[in-house]
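> This is the structure I want to talk about, given as structure tokens.
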């Protein structure tokens, strides 16, 4: 078996040998063939070298179809500059791919079977994908049969469809059939179908005289049942492109029947299927809510939020190591790192890693300190864990985790001891806010600069906040909720690094501390928590465009001290979203029926008892877990101490 030094020496010898052969070619020594381009340029080569790199040249130089060996060949349709790049690649295994030559190089590499160059060109184009070129790259890849590149470009297009449809010139030149196939995709990443309608209008308005008649066909690919009713009436139904086309009537009638029949579904007999016009698309982001404190004890429960179906889905693959609360989570790639925490007995320095693709858990390196009520943030590919409580002391220490070396290392300590604080990363800095120092809830804030390895105090918040949540959102740091030493709060404030000032944000509907927070669908979600009386499962979201909070769908399990994180672009996203998207209307009907039965038991709807007696059905419909919570459990330890 080769040692590392022998292996490195072998690689060096191999590189040196190829460089020596390249110098021989440049000096025209020991060459046994000439390769010519269309423009007359001739390149002496060693046939064995080209044959080792290209099946095309191997076949050319070894064929028995000719009476004599091929030693002088013309490569028609190839420019000399491109041919020379390929010949040099055969010797040196390196090539300079640029925006100017990548298309010609890819086509020629495909023609001459330089598979390494072909892959390099595809990688270059994949890495250069943006909103302005993804459509062109997708169509080009299709023409040259580069199926993986085509799939990568299409995946990019679907993920960033709104930006492409709004800013790309290529989008305006799409053929009708291509646009229609894009709009039909379940994976089209749109927060609302209104954006799809606006994209269709932009395409039609580029050549309105030729394209307005296609509006109705394209409407058939829009999920019109997902549109806001008022938007549909004012912007779609009465649009001149629609009213002027008699063939739009069936689509309009079908949509109106659906939109105005929603409240009547409980009165129907038999199962109610969700029509195609209202089936939600597939999200590109998945929010995970992990662990927490529920029913007087920690839980290992995991659920994901499907933003398109507006449903929480239970994840079966909980951590076999057991539950934990007051922990932090961090995402690197498709892996979720669960850091520190408390299980009712032990304060953890351990860290667990869940691979969302393979659905496996593993232990990674432990932290240097035990950290319950830990604050966690991610900068680049580095995870930071700060402060916390080790069972004896509130800490000011901080450390970072390098997943490549599986190692934690200490960084500069914070200026203050703090547990139950919250941290967020913004512009290559980490902000940590609030917390509890053992005596009082804190309003102090610090920022960490990893380049200087230094913490700096910032202006304090307007309110003291322990059990707080903070997150970076639209280039600012939002700090929400928490406990001020007297009560749980629904207030929030936002820090602007440009002005170094704090300002208020609207109150949440629910006061809460020790809740999870994340940004998904370009909104801040506040998830679960403790309201001062009981643990809650309520979820609400904030949109800074309207400066308002909105109620969202409740979790399946009430819990505080949980942590949430978002993974983008999971290849197995279907494993974490609602499985029966065709049954969403039936689920709504069953919930209405159950709600009516609970409000008016004397007017029980026929056969509803069959559902109530069937725990499996209730579980599948999300009804069993969404019953009002039992009497509040004992507050978890930090709540007791602060109260």
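The values are calculated or read from the model by the stated rules, or taken from the named source; none is laboratory data. For clarity, every value in this text was computed on a predicted model and none was experimentally measured. Cβ: placed from backbone, ideal geometry, glycine included. Neighbour counts: every protein chain shown.
> Please verify whether the stretch 54-75 includes one or more residues that are at pLDDT 90 or above and under 30 Å from residue 173 (Cβ atoms).
No, the conditions are met nowhere in the stretch 54-75.
> Next question. Residue 452 is checked against (1) free of Cβ contacts under 8 Å to residues at least 24 places away in the same chain; (2) over 21 Å from residue 337 (Cα atoms); (3) under 27 Å from the mean Cα position of the chain (by Cα) and fails just one. What number does that condition carry?
(3)
> Just need a number here: residues in the stretch 267-297 that are touching a residue at least 60 places away in the same chain (Cβ under 8 Å), more than 25 Å from the chain's Cα centre (by Cα) and crowded, with 17+ Cβ neighbours inside 10 Å.
4
> Regarding residue 99, is this residue within 15 Å of residue 144 (Cβ to Cβ) and part of a loop (DSSP other than H, G, I, E, B)?
Working: within 15 Å of residue 144 (Cβ to Cβ): no; part of a loop (DSSP other than H, G, I, E, B): yes.
When the stated conditions are applied, residue 99 does not pass them.
> Next question. Without any contact (Cβ under 8 Å) to a residue 40 or more places away in the chain and over 26 Å from the mean Cα position of the chain (by Cα): is that true of residue 227 in this structure?
Numbers: without any contact (Cβ under 8 Å) to a residue 40 or more places away in the chain: yes; over 26 Å from the mean Cα position of the chain (by Cα): no.
Judged against the criteria, residue 227 is not a match.
> Considering each residue of the stretch 430-442, count those that are over 10 Å from residue 465 (Cα atoms) and either in contact (Cβ under 8 Å) with a residue 24 or more places away in the chain or not assigned by TED's automatic domain parsing to the domain that holds residue 388 (or both), and give that number.
So in the stretch 430-442, the residues over 10 Å from residue 465 (Cα atoms) come out as 430-432, 437-439.
Applying the additional criterion that residues be either in contact (Cβ under 8 Å) with a residue 24 or more places away in the chain or not assigned by TED's automatic domain parsing to the domain that holds residue 388 (or both) yields 430-432, 437-438.
So the answer is 5.
> Now for a separate question. So how many residues does the stretch 204-220 have that are assigned to a helix (DSSP H, G or I) and out of contact with any helix residue (DSSP H, G or I) (no Cβ under 6 Å at 6 or more places or on another chain)?
Total meeting the criteria: 6.
> Of all the residues that make up the stretch 85-110, how many are loosely packed, with under 15 Cβ neighbours inside 10 Å and within 23 Å of residue 48 (Cβ to Cβ)?
Taking the stretch 85-110 as the starting set, the residues that turn out to be loosely packed, with under 15 Cβ neighbours inside 10 Å are 92-94, 96, 98-100.
Pick out the ones that are also within 23 Å of residue 48 (Cβ to Cβ) and you get 92-94.
So the count comes out to 3.
> When you scan the stretch 377-388, do you find a residue that is in the same structural domain as residue 324 (by TED's automatic domain parsing), more than 19 Å from residue 447 (Cβ to Cβ), modelled with pLDDT of 95 or more and in a strand (DSSP E or B), even just one?
No, the conditions are met nowhere in the stretch 377-388.
> If I filter the stretch 422-441 down to residues being closer than 12 Å to residue 484 by Cα and in contact with a strand residue (DSSP E or B) (Cβ under 7 Å, 6 or more places away or on another chain), which single residue comes out as surrounded by the most Cβ atoms within 10 Å (Cβ to Cβ)?
My answer is 435.
> Any idea which residue in the stretch 503-533 is modelled with the lowest pLDDT, counting only those that are over 22 Å from residue 283 (Cα atoms) and exposed (fewer than 15 other Cβ atoms within 10 Å of the Cβ)?
533
> Would you pick out the residues in the stretch 120-141 that are closer than 18 Å to residue 177 by Cα and crowded, with 22+ Cβ neighbours inside 10 Å?
First pass over the stretch 120-141, keeping only residues closer than 18 Å to residue 177 by Cα: 134-141.
If the condition is that a residue be closer than 18 Å to residue 177 by Cα and crowded, with 22+ Cβ neighbours inside 10 Å, then 134, 135, 137, 138, 141 are the ones that fit.
> From the list 185, 246, exactly one residue is loosely packed, with under 13 Cβ neighbours inside 10 Å and either farther than 30 Å from residue 558 by Cα or outside the structural domain of residue 301 (by TED's automatic domain parsing) (or both). Which is it?
Values: 185 fails: loosely packed, with under 13 Cβ neighbours inside 10 Å.
Only one candidate passes the filter, namely 246.
> Of all the residues that make up the stretch 164-182, how many are part of a loop (DSSP other than H, G, I, E, B) and surrounded by 14 or more Cβ atoms within 10 Å (Cβ to Cβ)? Explain how you work it out, then say what you get.
In the first step, residues of the stretch 164-182 are kept if they are part of a loop (DSSP other than H, G, I, E, B); the result is 168, 173-175.
Filter again for surrounded by 14 or more Cβ atoms within 10 Å (Cβ to Cβ), leaving 168, 173-174.
Counting residues in the stretch 164-182 that are part of a loop (DSSP other than H, G, I, E, B) and surrounded by 14 or more Cβ atoms within 10 Å (Cβ to Cβ) gives 3.
> Does any residue of the stretch 301-321 turn out to be within 30 Å of residue 179 (Cα to Cα), modelled with pLDDT under 90 and assigned to a loop (DSSP other than H, G, I, E, B)? Don't jump to the end; show me each part of the working.
Filtering the stretch 301-321 down to residues within 30 Å of residue 179 (Cα to Cα) leaves 305-311.
With modelled with pLDDT under 90 added as a condition, the list becomes none.
Within the stretch 301-321, not a single residue is within 30 Å of residue 179 (Cα to Cα), modelled with pLDDT under 90 and assigned to a loop (DSSP other than H, G, I, E, B).
> Looking at (1) buried (at least 23 other Cβ atoms within 10 Å of the Cβ); (2) on the phi < 0 side of the Ramachandran plot, which one does residue 388 not meet, given that it meets all the others?
Condition not satisfied by residue 388: (2).
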